[in-house]
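So the structure is just underneath, and the comments pick up after that.
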Amino acid sequence: STKTCLNIIIADKNSLLVKNLAEMFKQDDRFDVRATATDGELFLKLVEEFFDVGIIGWKIPFSDGHRVLTNLRERGSSIRVVVYSGAD
């Protein structure tokens with residue numbers, strides 16, 4: 001049987017956090033971390049490739065979580081996005 005895995009892109013301003021999240025997902029064969037980014041603009045550029053899930057911090061440089069989500073909605077993107085924040 002062929003396993004399908006979710007193609008993931010991770011973006012956060014903290015490169016150490018991005019690296020550690022990527023390492024965590026790489027240990028699980030259900031996921032394939034295909035790209036990482038440290039700002040919202042790069043995330044939006046890279047997400048034009050094929051990704052199933054994006055994981056982003058709410059406060060990221062150049063295009064914050066709100067702008068990223070608005071941009072994806074305007075494009076009609078089908079990517080699922082998990083947004084996390086350390087803020088209340």
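The values are calculated or read from the model by the stated rules, or taken from the named source; none is laboratory data. Keep in mind that this is a model prediction, so the values were computed, not measured. Here the Cβ positions follow ideal geometry from the backbone for every residue, glycine too, while neighbour counts run over all protein chains shown. Ligands, DNA and RNA are stripped out before the accessible areas are found, and what is left, the full protein with its side chains, is counted by its heavy atoms. Shrake-Rupley method; radii C 1.70, N 1.55, O 1.52, S 1.80 Å.
Listed values, structure above:
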read-out	value
Search result, residues across segment 1-24 that are over 14 Å from Asp52 (Cα atoms) and of a type outside the set (A, V, I, L, M)	Ser1, Thr2, Lys3, Asp12, Lys13, Asn14, Ser15, Lys19, Asn20, Glu23
Residues satisfying the stated conditions in segment 50-71, i.e. over 17 Å from Val18 (Cβ atoms) and touching a strand residue (DSSP E or B) at 6+ places or on another chain (Cβ under 7 Å)	Phe50, Asp52, Leu69
Close pairs (9 angstrom Cβ cut-off, 6 or more residues apart or separate chains): among the basic types (Lys, Arg) in segment 35-52, open to solvent by less than 20 Å² (accessible area, probe 1.4 Å) anywhere	Lys45/Ala37
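Okay, residues lined up against (1) hydrophobic (A, V, I, L, M, F, W, C); (2) within 12 Å of the chain's Cα centre (by Cα):
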{"site": "Val18", "(1), (2)": "yes, yes"}
{"site": "Val33", "(1), (2)": "yes, yes"}
{"site": "Asp39", "(1), (2)": "no, yes"}
{"site": "Ser63", "(1), (2)": "no, no"}
{"site": "Leu69", "(1), (2)": "yes, yes"}
{"site": "Gly76", "(1), (2)": "no, no"}
